[in-house]
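Trainee: Sharing a structure, written as structure tokens. Questions coming.
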Amino acid sequence: MPRKDLLDIEALDRSEIEHLLDQSAPFKELFTRSVKKVPALKGKSVLMLFYEPSTRTHSSFEVAAKRLSADVTNFDVGHSSIAKGESVRETIETLQAMRTDYVIVRHMASGMPGTIARLTRASVVNAGDGAHAHPTQGLLDAFTLREKFPQTDGRRVLIVGDILHSRVARSTSLALRKLGVEVAYLGPGSLVPARLPDGVRRFTSYDEAMGWRPEVIYLLRVQMERQEAQYFPSLREYHRLYGVTEERLRILHDQGIYIMHPGPVNRGVELCDAVMDYEFSLINDQVENGIAVRMAVLYWLKPGGA
Ligand code: CP
């Protein structure tokens, strides 16, 4: 059953996730053609409402909407009346009067896309809210994994880094768990939540985690803006304990282990430079797949005010 909004992965069951991933494949196939556009959302309008910086997600949604032939408006938060104290409700009421069909929201406050969804007939897609959720990242990661492992049940993915503050870790773990993937966490004790999601295990050292024989290592961005809080001694120490160093990369290569990362990457922290040319890196696949998955999401959602 199509939904009005996509706010988190919790709301989706396995069959809905699989449906969205199945629908993404023909959209990706379109990218190989000279004309990369379909008229599926011709006449529909998509509003990009980003209160936080974004490179990948913003451009990916914009390309996805345009490839579906929708009209895209970028709401410039910095130059809007929000800077003069306009409330989210006022902003949405203004946008509502414009009869927008889809609103793509990124916000620093967890739950804000849900609040906006309740205020508008448009379909709202959460493009990342606080430390809560980033559902299209979870879906694109699941799609990328499934391209390499069509049977997802029992596959092993190790997620490394700042899991506590990561909306990507939450959404990707949930999406993978719903597809039967085994998930484990590795990171500094201060950055792994004490309560783990159902079925997720935790390792405290890189060697212990590698003994579990993961097939994919998913590196999270070290959130430099949090380093002031001293969650770990230093970036050099982080790289030594949890980073993919050149020595570790050689071992990963010998074992054919894939690397994923949601971007943006911090070279010399969560990974060494050589990862960018690594034979089994899926980082560029993630970027390309993000467009196809977001096309499938926009096509699937049904705006209530349409
Ligand atoms: N992966 C991701 O959310 O990146 P951006 O912050 O650049 O959108």
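The values are calculated or read from the model by the stated rules, or taken from the named source; none is laboratory data. Not measured: the values here are computed from a predicted model. So basically every Cβ, Gly included, is an ideal-geometry build from the backbone, and we count neighbours across all protein chains shown. Accessible surface is based on the protein model in full, side chains and every heavy atom, while ligands, DNA and RNA are left aside. Shrake-Rupley method; radii C 1.70, N 1.55, O 1.52, S 1.80 Å.
Trainee: Counting only residues 5 or more places away or on other chains, whose amide H sits under 5 Å from the amide H of PHE50 once H atoms are built in the peptide plane?
Mentor: PHE75, VAL77, ARG106
Trainee: Which trypsin sites (Lys or Arg not before Pro) does region 145-240 hold that lie in a coil by DSSP with at most 14 other beta carbons within 10 Å?
Mentor: Of the trypsin sites (Lys or Arg not before Pro), the ones in loops of region 145-240 whose Cβ has at most 14 other Cβ atoms within 10 Å are ARG195.
Trainee: Could you please state, rounded to a whole Å, how far the C-alpha centre of region 1-73 is from the C-alpha centre of region 254-293?
Mentor: After rounding, the separation between the Cα centres reads 22 Å.
Trainee: Picking from ALA25, SER110, LEU186, whose Cα lies most toward the positive end of the charge dipole for the chain (charges on Cβ: Lys, Arg +1; Asp, Glu -1)?
Mentor: So the residue furthest toward the plus end is ALA25.
Trainee: Related question: What GluC sites (Glu not before Pro) in region 225-306 are in a loop by DSSP, with at most 11 other Cβ atoms within 10 Å of the Cβ? Mind showing how you got there, number by number?
Mentor: On the way: sites: GLU225, GLU228, GLU237, GLU246, GLU247, GLU270, GLU279, GLU288; in loops: GLU270, GLU279.
Filter output for region 225-306: GLU279.
Trainee: Apply the membrane-span-like helix rule to the chain: whole DSSP H runs, Cα extent along the own long axis of at least 24 Å, mean Kyte-Doolittle hydropathy at least 0.0. List the helices found.
Mentor: Helices passing the filter in the chain: 283-300.
Trainee: Please report, in whole Å³, the volume per residue of the convex hull around the C-alpha atoms of the chain. Before the final figure, lay out each step's value.
Mentor: Numbers: hull volume 41.6 nm³, N = 306.
Cα convex hull per residue, to the nearest whole number: 136 Å³.
Trainee: Can you sort MET108, MET210, MET295 by solvent-accessible area, 1.4 Å probe, largest first?
Mentor: Highest to lowest solvent-accessible surface, that is MET108, MET210, MET295.
Trainee: Quick check on region 107-199: take the gyration tensor over C-alpha atoms, sort the square-rooted eigenvalues as a ≥ b ≥ c, and tell me if it's rounded (a/c under 1.5), prolate or oblate.
Mentor: oblate
Trainee: If I histogram all Cα-Cα distances within region 135-286 using bins 10 Å wide from 0, what percent of pairs lands in each bin?
Mentor: Calculated over all Cα pairs of region 135-286, the distribution is 11, 46, 37, 6, 0 percent.
Trainee: Right, something else. Using protein chains only and a probe of 1.4 angstrom, how many square angstrom of HIS107 are accessible, to the nearest 10?
Mentor: Roughly 20 Å² of HIS107 is accessible to a 1.4 Å probe.
Trainee: Also, I was wondering about something else. Name the shape class, rounded, prolate or oblate, that the alpha-carbon gyration tensor gives for region 258-306, where a ≥ b ≥ c are the square roots of its eigenvalues, rounded holds for a/c under 1.5, and otherwise prolate holds if a/b is larger than b/c and oblate otherwise. If you can, show how the numbers build up before the last one.
Mentor: Details: a/c = 5.43, a/b = 2.86, b/c = 1.90.
In terms of gyration-tensor shape, prolate.
Trainee: Return the long-range amide H neighbours of VAL72 (sequence gap of 5 or more, or a different chain), with a cut-off of under 5 Å between placed amide H atoms.
Mentor: Result for VAL72 returns VAL46.
Trainee: How about region 2-44: which GluC sites (Glu not before Pro) there lie in a loop by DSSP and see at most 16 other Cβ atoms within 10 Å?
Mentor: When the GluC sites (Glu not before Pro) of region 2-44 are filtered for loop state and at most 16 Cβ neighbours within 10 Å, GLU10 remain.
Trainee: Using a 1.4 angstrom probe, figure out how much accessible area region 176-306 has per residue, in square angstrom, rounded to the nearest whole.
Mentor: Details: 6240 Å² over 131 residues.
For region 176-306, the per-residue accessible area is 48 Å².
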